[in-house]
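J.: To start, I am sharing the structure in question, which I have written as structure tokens.
The values are calculated or read from the model by the stated rules, or taken from the named source; none is laboratory data. Model, not experiment: these values are computed from the prediction. For neighbour counting, all protein chains shown are included, and Cβ atoms are generated from backbone atoms with ideal geometry for every residue, glycine included. In case anyone asks, the SASA skips ligands and DNA or RNA and just uses the protein heavy atoms, side chains included. Shrake-Rupley method; radii C 1.70, N 1.55, O 1.52, S 1.80 Å.
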Amino acid sequence: MKKIFSWAPAALAVATLMAGCQKSTPAENQTTEPVVQTYTIEQFMNTTSITGSDFAPDNSKILYSSNQTGVYNAFEVPVTGGEPRQLTNSTDNSVYVTSYFPKDERILYSSDKGGDEITHLYMRNPDGTVKDLTPEPKAKASFAGWSHDQNSFFFLSNKRDPKFFDLYEMDVQTLQPKLVMKNEQGFEVAAISRDKKYIGLVKSINTNSSDMYLYNTATKQLKKLTDHKEDIKYYPETFTPDNKQLYFLTDEGGEFQELKSYDLASGKTANVEKADWDIMYTYFSRDGKYRVTAINNDARTEVKVYDTATGNQVQLPEVPAGDITGVNFSDDENLMAFYVNSPTSSSNLYVHNFRGSNTTKLTNTMNPKINSDDLVKAEVIRYKSYDGLEIPALLMKPKNASENNKVPAVLWIHGGPGGQTRLNYSPLMQYLVNHGYAVLAVNNRGSSGYGKTFFAADDQKHGDVDLKDCVEAKKYLASTDYIDKDKIGIMGGSYGGYMVLAGLAFTPEEFAVGVNLFGVANWLRTLQSIPPYWESFREALYKEMGNPETDSAALYNKSPLFFADQIKKPLMVLQGANDPRVLKVESDEIVAAVKKNNVPVEYVVFDDEGHGFVKKENQIEGYSAILTFLDTYLKGKPATAGSSSSN
């Protein structure tokens, strides 16, 4: 990590981060405030993040990725429980597992270089040696599925043309790729039939609309399956195990995505599944005994598993409160791996045995020295915005916040712009709340998960209507009896970082401070410099945000860089030097511009990160710097150094 500079008027000194672990003290006029232990960032980051799962060919163990070493590496753990075994030993670039090879214990994983997003696919042999299967240095490759006969796998690569991803098939013995489909029109490969005959494709029209196609690998014929003038999304999900139908998601019937089928022989469509919220995805187990569906239920993931023979729902195992995600079946369909996550507990991996009806917890990712009673649950709230539109948000309130102990607060604005903050565990949010800050994660208009009208409500109005939603969120917090209305800041990453800059520049008196993590400062440059492999949805992005050629005036007017002289409140910026989406120059320029205003500016750059920080040491440095900044310029009470505590 390299810190570029920390600048502030001489009268303001940067606070020393509280390093100790100590009991909070009640306000002088209170004797009943709950006693909450405060924890260091090292203690919060001693929680392990894990992702992915795949059963070994003999079903004896499960493969997953874990960052317990500081960066993500591949691990495996017995299905009966026990000590995990580390398989890769990367110290710099994260390893994200795909799976074991279906008939042996080679593993397939992806990795990039320092967050540059140029991912390659790698094979690790049982003896620990590694081979780059997609060695083209400037080409990006991603896994697209195993063939049903398990003799090959599919992957996407833009080695032929940096703008488009062609589909390849690689034999597991020869490890030689062959071209399956040349992609010259900007399609996204979404589904491949088990007989390899059909490929389901999607093409973006704009961020609210897409078309669906069917490609025949034998005849090389391309068939368009959708015809519509209004904005409707279509997305192929999976082919049925008998290769007769294509299951797809669409919002053509209303506000939310539902699941339908397309019959390959007759061309007829039929309803399959509908919910009161968006269906996020669906897929089958290997031989089709089970089908899994996930629903975006008010920022929660609701998973349903169906017995395909009867259509009945399968009773899910009894597990601690939280969302079940990442459901994965063994090839013989007797075992089911899954994750459980909640706002107060990081994801843990479980395995359920259908034959014995027993469930085993395989990981313990939370730091045992953090008492879960000291953590805070997130509450879904809604407030009215300036025009009466109801805005959903997730509220995390310090346990000792009260009318007699008002606390400072920060808004958290997600990325996207069409993202969504969900009810998952966030060590950064818990860390801030644990140190006395309320956090309100705003799912402003334009967020996904709340219907297509809500999703499209910010198109071409970014930095305006969505920012007004954030201002109203601040007013909501100020109206409560436990928030100090003069100490409300704004924080966010990526598009959320842009909203931080927009808030400080366009509404300079609203927010007391801003923390911008790799946010856009100049839309003209960002939209002109997007990576070439974004070509398939370049036009969709332009239609939502604006075209830098034809909409230059509007993009100029929503770019905080050109209005940086209006920023009068303290600003912190964090940036990855290798970020291919929001270039480092964006942050360099906004920092230099705001510095001229004689206001505090803190700038932290990580030389080995991209768009988001994945290395634990960088997260620790960045998150602790955020707290120091907030303690100094928002809370206004610099922390005092304390004795270190064990992790």
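J.: Filter the stretch 263-286 down to the residues that are under 26 Å from K229 (Cβ atoms) and either in contact with a Gly (Cβ under 9 Å, 6 or more places away or on another chain) or of a type in the set (S, T, N, Q) (or both), then identify the one that is surrounded by the most Cβ atoms within 10 Å (Cβ to Cβ).
T.: Result: D278.
J.: Of the numbered conditions (1) free of Cβ contacts under 8 Å to residues at least 60 places away in the same chain; (2) of a type outside the set (A, V, I, L, M, F, W, C); (3) surrounded by 20 or more Cβ atoms within 10 Å (Cβ to Cβ), G576 fails exactly one; give the number of that condition.
T.: So the condition that G576 fails would be (1).
J.: Here is a follow-up. Taking the residues in the stretch 118-156 that are among the small types (G, A, S) and assigned to a loop (DSSP other than H, G, I, E, B) as candidates, determine which candidate is farthest from E237 (Cα to Cα).
T.: Across the stretch 118-156, the extreme among qualifying residues is G128.
J.: Among the residues of the stretch 178-190, how many are part of a strand (DSSP E or B) and either without any contact (Cβ under 8 Å) to a residue 40 or more places away in the chain or open to solvent by less than 10 Å² (accessible area, probe 1.4 Å) (or both)?
T.: Count: 4.
J.: May I ask you to verify whether T134 is over 21 Å from L246 (Cβ atoms), β-branched (V, I, T), open to solvent by 10 Å² or more (accessible area, probe 1.4 Å) and over 25 Å from the mean Cα position of the chain (by Cα)?
T.: Criteria not met by T134.
J.: Shifting gears a bit: Have a look at V380, V410 and point out the one that is over 28 Å from K616 (Cα atoms), part of a strand (DSSP E or B) and either touching a helix residue (DSSP H, G or I) at 6+ places or on another chain (Cβ under 8 Å) or of a type outside the set (D, E, K, R) (or both).
T.: Answer to the selection: V380.
J.: I've got another one for you. Restricting attention to the stretch 526-561, and to residues there that are β-branched (V, I, T) and closer than 18 Å to L583 by Cβ, which single residue is modelled with the highest pLDDT?
T.: Ranking the candidates gives T526 first.
J.: If you don't mind, there's one more thing I want to ask. Would you mind finding the one in D466, D459 that is of a type outside the set (G, A, S), farther than 21 Å from D631 by Cα, crowded, with 24+ Cβ neighbours inside 10 Å and in contact (Cβ under 8 Å) with a residue 12 or more places away in the chain?
T.: From the options D466, D459, the qualifying one is D466.
J.: Read through the list (1) open to solvent by 30 Å² or more (accessible area, probe 1.4 Å); (2) under 16 Å from S494 (Cβ atoms); (3) in contact with a Leu (Cβ under 7 Å, 6 or more places away or on another chain), then give the number of the only condition that L524 fails.
T.: The one condition L524 does not meet is (2).
J.: OK, next. Filter the stretch 191-237 for residues that are charged (D, E, K, R), more than 17 Å from H148 (Cβ to Cβ) and either in contact with a Phe, Trp or Tyr (Cβ under 6 Å, 6 or more places away or on another chain) or open to solvent by less than 30 Å² (accessible area, probe 1.4 Å) (or both) and give the result.
T.: K203, D211, K224
J.: Continuing with the same structure: Out of L375, L411, report the one residue that is over 30 Å from T207 (Cβ atoms) and open to solvent by less than 20 Å² (accessible area, probe 1.4 Å).
T.: L375
J.: Name the residue that is surrounded by the fewest Cβ atoms within 10 Å (Cβ to Cβ), counting only residues in the stretch 383-407 that are assigned to a loop (DSSP other than H, G, I, E, B) and among the aliphatic types (A, V, I, L, M).
T.: Checked the stretch 383-407; the qualifying residue surrounded by the fewest Cβ atoms within 10 Å (Cβ to Cβ) is L389.
J.: Next question. Only one of these is farther than 29 Å from M545 by Cα and touching a strand residue (DSSP E or B) at 6+ places or on another chain (Cβ under 8 Å): K399, K406. Name it.
T.: Of the residues listed, the single one that is farther than 29 Å from M545 by Cα and touching a strand residue (DSSP E or B) at 6+ places or on another chain (Cβ under 8 Å) is K406.
J.: Next up: So which residues in the stretch 258-284 are of a type in the set (A, V, I, L, M, F, W, C), farther than 16 Å from D298 by Cα and part of a strand (DSSP E or B), if there are any at all?
T.: L259, A270, V272, F284, listed by residue number.
Rundown of residues vs (1) part of a helix (DSSP H, G or I); (2) β-branched (V, I, T), yes/no style:
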{"site": "Q575", "(1), (2)": "no, no"}
{"site": "N578", "(1), (2)": "no, no"}
{"site": "V582", "(1), (2)": "no, yes"}
{"site": "S587", "(1), (2)": "yes, no"}
{"site": "A593", "(1), (2)": "yes, no"}
{"site": "E602", "(1), (2)": "no, no"}
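J.: Sort through G489, G497, G449 and tell me the only one that's in contact (Cβ under 8 Å) with a residue 40 or more places away in the chain, buried (at least 20 other Cβ atoms within 10 Å of the Cβ), under 18 Å from the mean Cα position of the chain (by Cα) and farther than 30 Å from D276 by Cβ.
T.: So the residue among G489, G497, G449 that is in contact (Cβ under 8 Å) with a residue 40 or more places away in the chain, buried (at least 20 other Cβ atoms within 10 Å of the Cβ), under 18 Å from the mean Cα position of the chain (by Cα) and farther than 30 Å from D276 by Cβ is G497.
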